[in-house]
Amino acid sequence: MNERTELARLSVSRRKLLLAAGVSGVSALAGCTTDNVPSDTETASATTVAAHSSPDLEKWVDEVPRPGVAEPTGTKDGQPYYEIEMSEVEQELHSDLPPTTVWGYGGQFPGPTIEAEQGEPIYVRWQNDLPDEHLLPVDTTVHKEMIPYDIDGVRTVTHLHGGNVEAGSDGHAQAWFTRDFEKTGPSFAKKDYYYVNDQPPATLWYHDHAVGITRLNVYAGLAGFYILRNDRERNLGLPDGEYEVPLVLQDRSINEDGSLFYPSAVSEDRGGDDSYPEPSIVPEFYGDVPVVNGKAWPRLSVDPRSYRFRLLNGSNSRYYNLKLLEYDESSAETGSDGPSFVQIGNDGGLLSEPVELDDRLEIGPGQRADVVVNFSDYAGETVLLHNDAPSLYRGSLEDSDETKPLPEIMLVDVADSKTGEESETLPDALTDVPDLPIESVDRHRHLTLAPGSDEYGRMKHLLGNRDQPLGYALDDPVTEEPELGTTEIWSLANNTAMSHPMHLHLVHFHVLGREPLSDYDSETDGVNPDSLESPQPYELGWNDVVTVDPGEVVHVLVHFGEYEGLFNDQTGEYMWHCHMIEHEDYDMMRPFRVVSNGDDDTED
């Protein structure tokens, strides 16, 4: 039986999806069976979360803060050395709320921005000083065979997302450690991480990656920016200094006392009995409060000139589809289109040339968008950063109240008069992005995104390949072992009912194109680019996350190692996974291993 036929038996009909959610918009996607679903998933039950609504907060009260910048604490081997502590802190998410208990790097949420220079390595010791007990409810049935839930302390490990780094410093999910490194995971290699910074300048970010609780640790606040720079980019005349603003978009749900709310799944169609553990992991999380740089429903003051926004989607599961709209604050009504986004970069750094987006900017969990916005024609006006992405992105029930987007993200107040000088135009060329010619491909891997369920009947998602299209468990042996110095096609076939932002550690890739799953033949290697839907403008250049929509195959070109003077050679074990963090935790994550030439005997 081939991959397409076998996966079709597990296909979840969009029309038959059962969605149950509270009025807050905190939602969970429920799996339900179709007549041809195999017996191992026939017991999958509807999954819902108890109704919750955050306090009715006044919007647009607080100014968007800018994260602080981390400073080295010394040197190691002649290179800057940082010690950044993870700790529990109290932070005001909104002026009308009591301080919220969060977890932060360097005493703040989001953590301090690390400013690094291309070609200049740094060392970082991520110091765990978190309490013995987790801030949020922990489901101890998630990977219970792999995780020692009975140990004291909270497990953490920091991943530099987008970093082309050695395996021992990548933040492997099983390289976790507790306070003062008292307990460590089986993949733990070192206390001091080494970031070589031998890659194009880009907007990277760091966040927790501990197996089984990443969703909770990141939701508690463990994330921050890592910006890599070089002189060539500085000389382009792009907005800088106060006119360059990093913005991390997240969603949260909040209790009346200001504390964070995170839901637990319950089994609805079994009468709400004890068939699910308590607490129980939810398939996805969607909050009802937008949070930008740690502030709920904030506003940003700008001058009537160009700004550079480094946008990061740091939400657990939510997609954003963004546009700036004119806004009447007195009536809370939107008007005509505001200034457009001109995209100059994405995950892996600058694009070859600026791209003005005629429509909205899509940004999935884990993705970054480097954009320039010119407010010169909007002096004295207010514009709204508006989102129209439904919660269950491209997998929603039509006309469902529960999947309406979180539309109002941030207000931008444009001053009446301009201050300071600026470059009037963007350069026509930004950087050289070398082609990855399809003729150079050494191997074609056929990889699957598949639905599944656990022993409790809870829905989860899995990753597989041509040999095992229904998916592997996280702790199954490594099945993908690319050779250093080779180029591969990874064809990601989505047979689930929703979009997934797929992330590869270590490497960046080019999006080759898309095709319907119905046209895809997993038994045939090689791709004809002319037959594919072309990448979107925001997918040009180097990416480390790509969205794979339901019923679609996305083909990406991946080179492992240095390429035309960019990136660097690394071998060892890394991860690839969905960046909807609930999916990553359970069980949509797999290891891959980059091996030296001639050491790969594994077939897919």
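The values are calculated or read from the model by the stated rules, or taken from the named source; none is laboratory data. Keep in mind the model is a prediction, meaning the values are calculated, not measured. Please note: Cβ atoms are built from the backbone with ideal geometry, for glycine as well, and neighbour counts cover all protein chains shown.
Of everything in the range 78-113 that's of a type in the set (Phe, Trp, Tyr) and over 26 Å from Val64 (Cα atoms), which residue is surrounded by the fewest Cβ atoms within 10 Å (Cβ to Cβ)? So, considering only residues that are of a type in the set (Phe, Trp, Tyr) and over 26 Å from Val64 (Cα atoms), the one surrounded by the fewest Cβ atoms within 10 Å (Cβ to Cβ) is Tyr81. Inspect the range 114-128 for any residue being of a type in the set (Val, Ile, Thr), within 20 Å of the chain's Cα centre (by Cα), crowded, with 22+ Cβ neighbours inside 10 Å and more than 25 Å from Glu244 (Cβ to Cβ) and give the result as yes or no. For the range 114-128, residues of a type in the set (Val, Ile, Thr), within 20 Å of the chain's Cα centre (by Cα), crowded, with 22+ Cβ neighbours inside 10 Å and more than 25 Å from Glu244 (Cβ to Cβ): absent. Ser187 passes every criterion in (1) in contact with a strand residue (DSSP E or B) (Cβ under 7 Å, 6 or more places away or on another chain); (2) farther than 27 Å from Ser264 by Cα apart from (1). Filtering Gly572, Gly541 for residues that are farther than 18 Å from Ser352 by Cα and in contact (Cβ under 8 Å) with a residue 12 or more places away in the chain leaves a single hit, Gly572. Regarding the range 134-146, can at least one residue be identified that is hydroxyl-bearing (Ser, Thr, Tyr) and either in contact with a Leu (Cβ under 7 Å, 6 or more places away or on another chain) or outside the structural domain of Glu117 (by TED's automatic domain parsing) (or both)? Checked against the condition, which is being hydroxyl-bearing (Ser, Thr, Tyr) and either in contact with a Leu (Cβ under 7 Å, 6 or more places away or on another chain) or outside the structural domain of Glu117 (by TED's automatic domain parsing) (or both), the range 134-146 yields no hits at all. Here Leu462 clears all of (1) in contact with a Phe, Trp or Tyr (Cβ under 9 Å, 6 or more places away or on another chain); (2) within 26 Å of Ala202 (Cβ to Cβ) except the condition numbered (2).
Looking only at the range 323-339, filter to residues that are aliphatic (A, V, I, L, M) and within 29 Å of the chain's Cα centre (by Cα); which one of those is surrounded by the fewest Cβ atoms within 10 Å (Cβ to Cβ)? Step by step, filter the range 323-339, then rank; the result is Leu325.
Against the numbered list (1) surrounded by fewer than 20 Cβ atoms within 10 Å (Cβ to Cβ); (2) under 30 Å from Met459 (Cα atoms), Tyr194 comes up short only at (2). Given the conditions (1) modelled with pLDDT of 95 or more; (2) within 22 Å of the chain's Cα centre (by Cα); (3) of a type in the set (Asp, Glu), which single one is not true for Asp569? Every listed condition holds for Asp569 apart from (2). Of all residues in the range 459-473, those being hydrophobic (A, V, I, L, M, F, W, C), crowded, with 21+ Cβ neighbours inside 10 Å and out of contact with any Pro (no Cβ under 8 Å at 6 or more places or on another chain) number 1. Residues in the range 215-248 that are in a helix (DSSP H, G or I), over 26 Å from Ile84 (Cα atoms) and either of a type in the set (S, T, N, Q) or free of Cβ contacts under 8 Å to residues at least 60 places away in the same chain (or both): Asp231, Arg234. What about Glu353, is it crowded, with 19+ Cβ neighbours inside 10 Å and within 25 Å of Gln199 (Cβ to Cβ)? In short, no. Residues that are surrounded by fewer than 24 Cβ atoms within 10 Å (Cβ to Cβ) and over 15 Å from the mean Cα position of the chain (by Cα) within the range 213-227 comprise just one, Ile227.
Here Asp274, Asp251 are screened, and the one residue that is among the acidic types (Asp, Glu), assigned to a strand (DSSP E or B) and either modelled with pLDDT under 95 or surrounded by 21 or more Cβ atoms within 10 Å (Cβ to Cβ) (or both) is Asp251. Taken over the range 411-432, residues that are β-branched (Val, Ile, Thr), at pLDDT 70 or above and part of a loop (DSSP other than H, G, I, E, B) amount to 2.
So that you can scan it fast, the table gives a plain yes or no per residue for (1) part of a strand (DSSP E or B); (2) modelled with pLDDT of 95 or more; (3) not assigned by TED's automatic domain parsing to the domain that holds Tyr586:
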residue	(1), (2), (3)
Leu325	yes, yes, yes
Ser331	no, yes, yes
Gly335	yes, yes, yes
Asp358	no, no, yes
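Taking the conditions (1) under 24 Å from Gly241 (Cβ atoms); (2) among the hydroxyl-bearing types (Ser, Thr, Tyr); (3) at pLDDT 95 or above in turn, Tyr320 satisfies each one other than (1).
Residues of the range 145-172 being part of a loop (DSSP other than H, G, I, E, B) and over 23 Å from Leu135 (Cβ atoms), which ones? Correct list: Glu145, Gly162, Gly163, Asn164, Val165, Glu166, Asp170, His172. In the range 60-78, the residues that are in contact (Cβ under 8 Å) with a residue 60 or more places away in the chain reach residues that are aromatic (Phe, Trp, Tyr) and in a loop (DSSP other than H, G, I, E, B) with C-beta atoms within less than 7 angstrom, at least six apart or across chains, in these pairs: Trp60/Trp297. With respect to being touching a Phe, Trp or Tyr at 6+ places or on another chain (Cβ under 8 Å) and either of a type in the set (D, E, K, R) or free of Cβ contacts under 8 Å to residues at least 60 places away in the same chain (or both), Asp347 fits the description.
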